C-alpha cells in the first residue's frame, strides 16, 4: 500500500513542488489549501480546498474529512511573509504572520494526531530567519518571530511525540523563487522540494527536533 502525505498550502510554490515530488515517488498525495489549482489536481489523489489553516472550524473540517485516512507524513507548508521596518510596524501584519506561520502548524498537527500512523513523520517548513543566532540584518519582525515560535513548537512536538515513534523536523527550504519573494530567490521550488524530501527521508527519532536547511546544513537556533 502506498504511503500517504498531507501537504498544507499545496496549490502553488514549494507546496506544489512537494506534491509533484511525492506523486512521482509513488505516494498518495493529499493537498489542503484555501483554493485548489489545476496543477495540484493533476498530482494529488485528493484535494481538500477551502481550508484556512488559521481557522479553528476549517482545521476541524480538515480533520473530519480525513477521519478514515491514516497519514504517514504531514508537511506543514502554508505560510506568509510581510516586511516590517522599525518605525513603521504593522502589528496586524505581525499578528497575522504569527497565526499562519506559528499557530497554524501546531493547530493542524494537534487536530491530525489521531490520523498519524505509528512511526509517521512531521515536517514543518520554517525559515532560517527564525534563527536568533543567525539574525545579523534585523527587520522583518513578524516573520522572524513567527518562525522562531514555529521552531520552538516543533521542538516540543518532537519530544512529546517520541513515545509514538513520530519524528519531527524544522526545515528551511532555502531562498526559493516563489511569489512570497516576488520570484527573486536563488533556487527553484523543485530544487527546494528535492532537498526537503531528502531531509525527511533521512529523519529518524534520533535526529527528531532538529533544524536544517534543505541542503542538509544544520542551522543554529
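The values are calculated or read from the model by the stated rules, or taken from the named source; none is laboratory data. The structure presented is a predicted model; accordingly, all values stated were derived computationally and were not measured. Cβ: placed from backbone, ideal geometry, glycine included. Neighbour counts: every protein chain shown.
Does at least one position in segment 126-135 carry a residue that is within 15 Å of the chain's Cα centre (by Cα), in contact (Cβ under 8 Å) with a residue 40 or more places away in the chain, in a loop (DSSP other than H, G, I, E, B) and within 13 Å of residue 169 (Cα to Cα)?
So far as segment 126-135 goes, yes, one or more of its residues are within 15 Å of the chain's Cα centre (by Cα), in contact (Cβ under 8 Å) with a residue 40 or more places away in the chain, in a loop (DSSP other than H, G, I, E, B) and within 13 Å of residue 169 (Cα to Cα).
I need the full set of residues from segment 188-203 which are modelled with pLDDT of 95 or more and more than 18 Å from residue 74 (Cβ to Cβ), in order please.
194, 195
Answer with yes or no whether residue 109 is crowded, with 17+ Cβ neighbours inside 10 Å and within 20 Å of residue 4 (Cα to Cα).
In short, yes.
Only one residue in 42, 56 is surrounded by fewer than 17 Cβ atoms within 10 Å (Cβ to Cβ) and more than 22 Å from residue 116 (Cβ to Cβ), so which one is that? If you could, list the steps in order and put the result at the bottom.
Numbers: 56 fails: more than 22 Å from residue 116 (Cβ to Cβ).
After ruling out the rest, the residue left standing is 42.
Among the residues of segment 148-163, is any in contact with a strand residue (DSSP E or B) (Cβ under 6 Å, 6 or more places away or on another chain), part of a strand (DSSP E or B), surrounded by 18 or more Cβ atoms within 10 Å (Cβ to Cβ) and modelled with pLDDT of 95 or more?
No - not one qualifying residue is present in segment 148-163.
I'd like to check something: does segment 92-107 contain any residue that is in contact (Cβ under 8 Å) with a residue 12 or more places away in the chain, in contact with a strand residue (DSSP E or B) (Cβ under 6 Å, 6 or more places away or on another chain) and part of a helix (DSSP H, G or I)?
The answer is yes, given that some residue of segment 92-107 is in contact (Cβ under 8 Å) with a residue 12 or more places away in the chain, in contact with a strand residue (DSSP E or B) (Cβ under 6 Å, 6 or more places away or on another chain) and part of a helix (DSSP H, G or I).
Looking at segment 80-100, which of the residues that are over 18 Å from residue 110 (Cβ atoms) and in contact with a helix residue (DSSP H, G or I) (Cβ under 7 Å, 6 or more places away or on another chain) is modelled with the lowest pLDDT?
Checking each candidate, the answer is 84.
Look through 185, 139 and report the one residue that is assigned to a loop (DSSP other than H, G, I, E, B), in contact with a strand residue (DSSP E or B) (Cβ under 7 Å, 6 or more places away or on another chain) and either within 20 Å of residue 79 (Cα to Cα) or at pLDDT below 95 (or both).
185
Looking at (1) closer than 21 Å to residue 116 by Cβ; (2) exposed (fewer than 14 other Cβ atoms within 10 Å of the Cβ), which is the one condition that is false for residue 6?
(2)
With the requirement that a residue be in a loop (DSSP other than H, G, I, E, B) and either out of contact with any strand residue (DSSP E or B) (no Cβ under 7 Å at 6 or more places or on another chain) or crowded, with 19+ Cβ neighbours inside 10 Å (or both), what does segment 192-206 give you?
Within segment 192-206, 203, 206 meet the criteria.
Residues that are more than 20 Å from residue 157 (Cβ to Cβ) and touching a residue at least 60 places away in the same chain (Cβ under 8 Å): find the helices (runs of 4 or more DSSP H) completely inside segment 1-89 holding 2 or more of those.
Details: elements: 13-24, 38-43, 56-65.
Where helices (runs of 4 or more DSSP H) fall fully within segment 1-89 and carry at least 2 residues being more than 20 Å from residue 157 (Cβ to Cβ) and touching a residue at least 60 places away in the same chain (Cβ under 8 Å), they are 13-24.
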